[in-house]
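Below is one structure, written out as structure tokens, with a few remarks after it.
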Amino acid sequence: MTVSFKENPSSRDLTLFNSPQPPKELADKMFPWRGDNSADLKRFASFEPADVQSALISKSILSSYVMKLVSDKQLKALQISKLSRDIIDRLFPLTSDNTIDRKRFANIQAAEVGAAVAAGLIRDIYSLKLLSDEHLKQLPLSKMSKVAINNLFPWASDNTSDRKRFANIQAAEVG
């Protein structure tokens, strides 16, 4: 399949994502990997957040390269609780340095993160370490599985940072 793409995309360019049977991995074909992704970042940021949401749900975006093109504005509007765990893991894959992922993840609305955690979509240690203080303040601890709670605060010989993070959780959720 050959996909053509205009230099300045509009929401119309993602209409295939909203069709009943969108082509799988369409965005991956529209945005092949490049060493310098600055032009792709700009192009991808032109898409409406709702179109990006639809593309993620339909799995028209699967490559880690394209997942990293999702802008802060698109992340702010992202309904992460509507995505599959596989897509969430692809948006924020395990890396040895999570600094960039923490910044990106902080853009997602706290209520959406709480809903995704409660639904078991976010439950591994790496993903739970991406939660910001704002996310923790609205985290529904009482709705989380024991596994997710243990992964949120795994054992560590020095738990100083976990103590600070735990202090952000609402007292009503702890008691």
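Among residues of region 123-135 that are closer than 15 Å to I108 by Cβ, those with a beta-carbon under 6 Å from a residue that is surrounded by fewer than 18 Cβ atoms within 10 Å (Cβ to Cβ) at least six positions away or on a different chain give the pairs L130/R102; D133/N168; E134/A110; H135/A110.
Summed over region 108-132, the residues that are in a helix (DSSP H, G or I), open to solvent by 50 Å² or more (accessible area, probe 1.4 Å) and under 17 Å from K76 (Cβ atoms) give a count of 1.
Taken over region 51-81, the criterion of being in a helix (DSSP H, G or I), farther than 14 Å from A27 by Cα and open to solvent by 30 Å² or more (accessible area, probe 1.4 Å) is satisfied by D72, K73, K76, S81. Looking for something under 13 Å from the mean Cα position of the chain (by Cα) and either open to solvent by 40 Å² or more (accessible area, probe 1.4 Å) or within 30 Å of K164 (Cβ to Cβ) (or both) - is there at least one such residue anywhere in region 39-49? No, because not a single residue in region 39-49 is under 13 Å from the mean Cα position of the chain (by Cα) and either open to solvent by 40 Å² or more (accessible area, probe 1.4 Å) or within 30 Å of K164 (Cβ to Cβ) (or both).
Within region 161-175, the set of residues being modelled with pLDDT of 75 or more and either part of a loop (DSSP other than H, G, I, E, B) or surrounded by 15 or more Cβ atoms within 10 Å (Cβ to Cβ) (or both) comprises R165, I169, Q170. Among the residues making up region 139-160, those that are surrounded by fewer than 18 Cβ atoms within 10 Å (Cβ to Cβ), modelled with pLDDT of 85 or more and part of a loop (DSSP other than H, G, I, E, B) are P140, S145. Could you please give the count of residues in region 82-100 that are assigned to a helix (DSSP H, G or I) and more than 21 Å from A50 (Cα to Cα)? Residues flagged as assigned to a helix (DSSP H, G or I) and more than 21 Å from A50 (Cα to Cα) within region 82-100 amount to 2. Evaluate region 71-78: report whether one residue or more is small (G, A, S) and within 10 Å of the chain's Cα centre (by Cα). No, every residue in region 71-78 fails to be small (G, A, S) and within 10 Å of the chain's Cα centre (by Cα).
When T95 is tested against (1) over 14 Å from the mean Cα position of the chain (by Cα); (2) open to solvent by less than 30 Å² (accessible area, probe 1.4 Å), only condition (2) is not met.
The values are calculated or read from the model by the stated rules, or taken from the named source; none is laboratory data. Because the structure is predicted, anything quoted here is derived from the model rather than measured. Please note: Cβ atoms are built from the backbone with ideal geometry, for glycine as well, and neighbour counts cover all protein chains shown. Each accessible area value is taken on the protein alone, full model and side chains, heavy atoms only, with ligands, DNA and RNA left out. Shrake-Rupley method; radii C 1.70, N 1.55, O 1.52, S 1.80 Å.
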